[in-house]
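Chemist: Take a look at the following structure, please.
The values are calculated or read from the model by the stated rules, or taken from the named source; none is laboratory data. Computed from a predicted model, the values in this text were never measured in an experiment. Note that we place each Cβ from the backbone using ideal geometry, even for glycine, and neighbour counts take in every protein chain shown.
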Amino acid sequence: MLSKTYARHQTQWAAQFAVASELCKRGYEVSFTLGHNTPLADLIAINPNRQATCLIDVKGLGTKNYWQIKKKETTHNLFYILALVPEGMPNQFFIMSQAQVNQFIDEEFERCRPEQKVLGLGKLRLGVRWRDADQPQFRDAWNTLLHSN
């Protein structure tokens, strides 16, 4: 049996490769940003029209759950692709702008109990709930990336 840490690591790698594959099938040129020196994004993608480069932070889950995401400083052309990569089932992808993800994080913070809020935004495990991501405007919204400038 795999340890939880190993399973999370494998899920994240599966998610990154699945997202890269989907982008390549759509004509993007994709590069991985490997290592801990690039905490902003996991992938760099150049859109098929070669008009813009997108930074993509991939968040992977193996089961329908909660994507833990730390709020980041606003960065031009940073997008999040939340990937569900369940074993033995089709992958699912939810594409969001950084502003959309930050809004979900802020909403999660507001839902926190007062004693949790004392810890502050940077200390809590915030992110995007499954039900918030599983919306038609985010599911397979690959065109979101094409409209970046």
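Chemist: Within region 42-94, count every residue that is closer than 16 Å to S21 by Cα, under 13 Å from the mean Cα position of the chain (by Cα) and polar (S, T, N, Q).
Modeler: 1
Chemist: Going through region 72-110 one residue at a time, which ones are under 15 Å from R129 (Cβ atoms) and not in a strand (DSSP E or B)?
Modeler: Across region 72-110, the qualifying residues are Q100, V101, N102, Q103, F104, I105, D106, E107, E108, F109, E110.
Chemist: Moving to a separate point now. Are any residues in region 1-33 modelled with pLDDT of 70 or more, farther than 19 Å from T75 by Cβ and either of a type outside the set (G, A, S) or outside any helix (DSSP H, G or I) (or both), and if so, which ones?
Modeler: Within region 1-33, Q10, T11, Q12, W13, F17, E22, C24, K25, R26, G27, E29 qualify.
Chemist: Determine whether E108 is surrounded by 13 or more Cβ atoms within 10 Å (Cβ to Cβ), modelled with pLDDT under 90, of a type in the set (D, E, K, R) and touching a Gly at 6+ places or on another chain (Cβ under 9 Å).
Modeler: Spelling it out, E108 is indeed surrounded by 13 or more Cβ atoms within 10 Å (Cβ to Cβ), modelled with pLDDT under 90, of a type in the set (D, E, K, R) and touching a Gly at 6+ places or on another chain (Cβ under 9 Å).
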